[in-house]
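Everything on this sheet refers to the single structure shown next.
The values are calculated or read from the model by the stated rules, or taken from the named source; none is laboratory data. Quantities reported herein were computed from a predicted structural model and do not represent experimental measurements. Quick reminder, even Gly has a Cβ in these numbers, built from the backbone with ideal geometry, and neighbours come from all protein chains shown.
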Amino acid sequence: MTRDNELFDRALLTRRRARAASTAQAHDFLLSRVAEDLRDRLAGILREFRVCVNLGAHHGLLGDALAGALAPDLFVQTDRALALAQKCSGARLVADEEALPFGRTSLDLVVSALTLHWVNDLPGALIQIARALRPDGLFLAAVLGGRTLEELREALTHAEAEISGGAGPRVAPFADVREYGGLLQRAGFALPVVDSDLIEVTYPSPRALMDDIRAMGGANVLKARSRRPLSRAILARMDEIYRARFGTGDRVRASFEIITLTGWAPDKSQQQPLRPGSARGRLADALGAAEHSAGEKADPQKR
């Protein structure tokens with residue numbers, strides 16, 4: 001069943017990911033960088049993860065890196081596209097990130113790289129992940145942020161508006177750091193942390209960038225997308241605008257904002273915030289400063 005307020009055409013997304021499966025390894029530079037970062041973050045956590053799941057595994061790059069490093073009892077790799085799931089090693093499963101097939105408190109670790117930003121019901125997906133984690137289980141994911149492909153969005157919008165008198169949505173909007181942080185809290189994760197990294201990549205042309213996005217399976221899947229193909233005139237004008245605003249020499253810049261989400265399933269063993277008024281020391285003592293009441297003006301002579 002579909003909902004009118006859905007942002008993405010996930011059936012189309014699945015078909016495009018399936019078509020990209022045969023050449024996925026040739027266009028996985030961004031996924032490779034994200035996988036390395038997530039592996040390094042997990043390396044700093046001194047605990048065992050016995051049952052792990054990689055949601056939206058692509059062709060298994062992240063899963064292969066983590067399965068060897070973590071040596072869990074079970075590492076399950078899932079993807080909506082059968083053609084991608086078949087490329088993964090170990091236990092594989094075709095699964096929808098919006099309808100997880102895992103029982104409550106059955107997992108120690110859930111990771112995901114560059115997949116969850118395509119989910120229509122992300123709050124619901126995060127709640128399902130939180131429920132599937134055992135107490136003190138970890139959720140670690142990398143998603144695309146709002147600044148991703150901002151150059152392409154700007155150039156396409158201006159070119160189409162100039163040539164056609166109006167512009168349709170051509171580049172998907174993604175959430176920002178604050179929005180993702182709020183979603184983690186709403187889902188019930190403890191100790192949520194969200195951070196952002198902007199990666200800039202150069203291409204010989206805007207068309208080369210668009211070809212790379214298509215090869216990644218990340219072309220426009222917005223439900224509100226224009227069904228009208230871009231004309232040669234619009235593409236030519238887009239190229240001019242892109243090079244003028246974001247070009248350096250004979251290359252152009254493209255931005256990818258990677259937002260990393262970290263959250264733990266609540267557990268009594270975790271550090272808890274102090275109750276208001278329960279502090280045993282004064283901030284003024286810790287800072288070596290004089291303390292004044294709220295209604296008392298500070299005397300400059302006493303500093």
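What the table shows:
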| read-out | value |
| --- | --- |
| Residue ID - modelled with the lowest pLDDT, chosen from residues in the stretch 242-271 that are surrounded by 10 or more Cβ atoms within 10 Å (Cβ to Cβ) and either touching a Cys at 6+ places or on another chain (Cβ under 8 Å) or of a type in the set (S, T, N, Q) (or both) | Gln270 |
| Count of the stretch 216-233 residues which are of a type in the set (A, V, I, L, M, F, W, C), part of a loop (DSSP other than H, G, I, E, B) and out of contact with any strand residue (DSSP E or B) (no Cβ under 6 Å at 6 or more places or on another chain) | 4 |
| Search result, residues across the stretch 140-195 that are closer than 23 Å to Phe246 by Cα, in a helix (DSSP H, G or I) and without any contact (Cβ under 8 Å) to a residue 24 or more places away in the chain | Arg153, Thr157, Ala161 |
| Top-ranked residue of the stretch 194-218 - restricted to ones that are under 15 Å from the mean Cα position of the chain (by Cα) and loosely packed, with under 14 Cβ neighbours inside 10 Å, ranked as nearest to Val252 (Cα to Cα) | Leu198 |
| Test: residue in the stretch 156-173 that is within 27 Å of Gly217 (Cβ to Cβ), surrounded by fewer than 18 Cβ atoms within 10 Å (Cβ to Cβ) and under 19 Å from the mean Cα position of the chain (by Cα) | yes |
